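Throughout, read-outs are computed from the coordinates displayed, never taken from laboratory work. Predicted model, so just to flag it, every value in this text is computed and none were measured. Here Cβ is always computed from backbone atoms with ideal geometry, including for glycine, and neighbour counts include all displayed protein chains.
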Amino acid sequence: MIYFDHNATTPPAPAVVAAMLPVFEQLWANPSSQHGPGQGAKRALSAARASTARALGCKAQEVVFTSGATEANHMAVRGLLAAAGHGRRRVLFSAVEHAGHLRLARALAEAGVPVGFLPVCSDGTLDTTAAAGLIGPDVALVSLMAANNETGVLMPVAEVAALAHAAGAALHVDATQFIGKLPFDFARFGADAVSLSAHKFNGPKGVGALLLRQGQPFVPQTLGSQERGRRGGTENLPGIVGMAAALELLGGGDDVAAEAARQAALRDALERGLCALPAVHVWGQGAPRLPGTSYLRFGRVSADVVLNRLERLGVAASSGAACSSGGSEPSHVLGAMGVPRDEALAAVRLSLGRMSRADDVAHLLSALPPLLEPLLREEHAALA
Ligand code: PMP
């Protein structure tokens with residue numbers, strides 16, 4: 001199988017699984033227990049926290065382990081909002097946030113919180129002029145993704161951080177798709193809180209973190225003594241150790257940049273080859289993008305049909321956000337970019353990762369065009 005769905009999830013690296021197994025077998029005691037085994041688990045937790053902090057460019061006490069990005073996103077928004085100063089109640093989300101995060105936006109609005117949305121341009125980039133107009137003195141926080149999971153388009157985090165901070169608002173960034181794919185350093189990133197999820201960078205599922213800037217006002221949402229009172233609940237130590245191992249495997253910023261360049265070259269070759277077919281359109285192609293993501297349509301051939309052909313070729317891909325695929329509703333991301341419904345229903349996402357090779361791209365480029373050409377010709381004839 002050729003796996004081109006790395007934005008949905010990635011396979012855990014063998015070294016990650018190897019790091020986790022002894023934790024299941026030997027370090028299963030509760031890190032909050034006072035006895036010897038508990039203290040052993042606590043030491044492993046501290047070591048994993050220290051190496052997570054080193055890899056992400058933050059302080060150990062700025063790491064709050066969570067069950068993944070969804071939880072980190074929710075607790076960041078609710079926790080920063082609850083701690084905001086008097087008169088600051090508005091929360092701004094970008095219009096292209098992850099589907100789960102936009103559900104939170106809806107829930108807040110239904111509960112009476114003033115919620116606003118930062119629009120994007122037709123290429124998927126943030127409309128920074130509109131953002132500047134919306135980030136006013138009543139804003140408690142802005143919640144913005146670092147990179148979009150569908151288009152791969154990068155958001156101007158530093159610019160929005162400057163706007164938010166000038167207005168006295170906090171900035172939360174969902175960096176779930178960014179971390180592991182491009183060099184990241186919390187201290188220089190500009191955000192007050194950053195969410196991540198280990199399974200997007202060859203770590204285990206069900207574990208992630210919220211990085212919370214030291215001194216940032218924050219009201220805990222899950223009460224308990226763990227994580228310095230910021231997130232209660234017995235820690236998922238095997239997951240946390242696995243995430244730390246996955247971060248270590250990424251190497252330093254130069255290693256991440258080199259892997260990004262390798263994936264970008266593969267992705268560009270893939271797009272060049274596919275664009276030789278008539279009526280292929282790639283979204284966000286001219287915008288700054290994640291290196292391995294390609295979001296495209298083949299004329300108006302429905303994504304289901306294209307995915308079915310890909311499946312026959314042994315290629316696993318996605319019709320957009322994994323969480324919403326399978327449904328017949330077009331992507332809200334493409335909707336926000338002003339893409340018509342019939343074009344959006346043709347959207348296919350190919351996302352490469354660390355195990356993607358030139359041979360995979362060559363296989364797809366030799367096998368897919370003959371399967372799609374007749375469909376595209378048919379469509380062209382029908383439109384003529
Ligand atoms: N944010 C973004 C941008 C994502 O791509 C995802 C995963 N699809 C999430 C949040 C949620 O991550 P998790 O399911 O691991 O909580």
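Along the Cα→Cβ direction, 7 angstrom out, place labels at H165 and R54. What is the inter-label distance in nm?
Computed distance between label sites H165 and R54 equals 2.7 nm.
Just the C-alpha atoms of the stretch 5-83: what Rg/Rh do they give, with Rh taken as the Kirkwood radius?
Numbers: Rg = 15.4 Å, Rh = 15.0 Å.
Here Rg/Rh amounts to 1.03.
Kindly give Rg over Rh for the stretch 305-384, based on alpha-carbon atoms, with the Kirkwood expression for the hydrodynamic radius. Don't skip to the end; give the middle numbers.
On the way: Rg = 14.2 Å, Rh = 14.3 Å.
When Rh is taken as the Kirkwood radius, the ratio is 1.00.
What nm distance separates the two modelled labels at D268 and F24, each placed 7 Å from Cα along Cα→Cβ?
Computed distance between label sites D268 and F24 equals 4.2 nm.
Comparing A169, A367, A44, which has the greatest mean-square fluctuation in the GNM of the chain with Cα pairs linked when under 10 Å apart?
Highest fluctuation of the listed residues: A367.
Of the residues E110, E343, E311, which exhibits the maximal mean-square fluctuation in a Gaussian network model of the chain defined by a 10 Å Cα contact cut-off?
Maximum among the listed residues: E110.
Please compute the Kirkwood hydrodynamic radius of the stretch 214-253 from all pairs of different C-alpha atoms, in Å with one decimal. Intermediate values should be presented prior to the final figure.
Details: mean 1/r = 0.0823 Å⁻¹.
One over the average 1/r among Cα pairs gives 12.1 Å for the stretch 214-253.
Projected area of the stretch 126-189, taken from the Cα convex hull and averaged over every viewing direction, in nm²?
4.4
With a 10 Å Cβ neighbour count serving as the proxy for reagent exposure, in which order, fewest first, do D360, D254 appear?
Details: D360 19, D254 9.
With the sparsest Cβ surroundings first, the list reads D254, D360.
Select from T128, T176, T52 the residue whose mean-square fluctuation is largest in a Gaussian network model of the chain (Cα-Cα springs shorter than 10 Å).
T128
Can you check how the C-alpha radius of gyration of the stretch 161-237 compares to 2.2 N^0.38 Å, as a plain ratio? Working shown, then result.
On the way: Rg = 13.8 Å, N = 77, 2.2 N^0.38 = 11.5 Å.
In units of the 2.2 N^0.38 Å rule of thumb, it is 1.20.
What is the helix-to-structure angle for 99-110, meaning the angle in degrees between its Cα long axis and the longest Cα principal axis of the chain, kept from 0 to 90 and rounded to the nearest 10?
With both axes taken from Cα atoms, the answer is about 60 degrees.
I want to verify the translational diffusion coefficient of the stretch 48-187 in µm²/s; compute it with Stokes-Einstein, Rh as the Kirkwood radius over Cα pairs, at 37 °C and 0.692 mPa s. Don't jump to the answer; show the numbers that get you there.
Numbers: Rh = 15.5 Å.
Translational D for this selection: 212 µm²/s.
With a Cα-only, solvent-free Debye model of the stretch 59-121, what are the log10 I(q)/I(0) values at q = 0.23, 0.30 Å⁻¹?
-1.04, -1.34
On average, how much area does the Cα convex hull of the stretch 235-384 cover when viewed from any direction, in nm²? Before the final figure, lay out each step's value.
Values: hull surface 44.5 nm².
Result: a mean projected hull area of 11.1 nm².
Hey, which lysines would be in cross-link range of K205, C-alpha to C-alpha under 21 Å, not counting anything within fewer than 8 residues on its own chain?
K181
Mind checking Rg over Rh on the chain, alpha carbons, Kirkwood formula for Rh?
Details: Rg = 21.5 Å, Rh = 21.7 Å.
Ratio of gyration radius to Kirkwood radius: 0.99.
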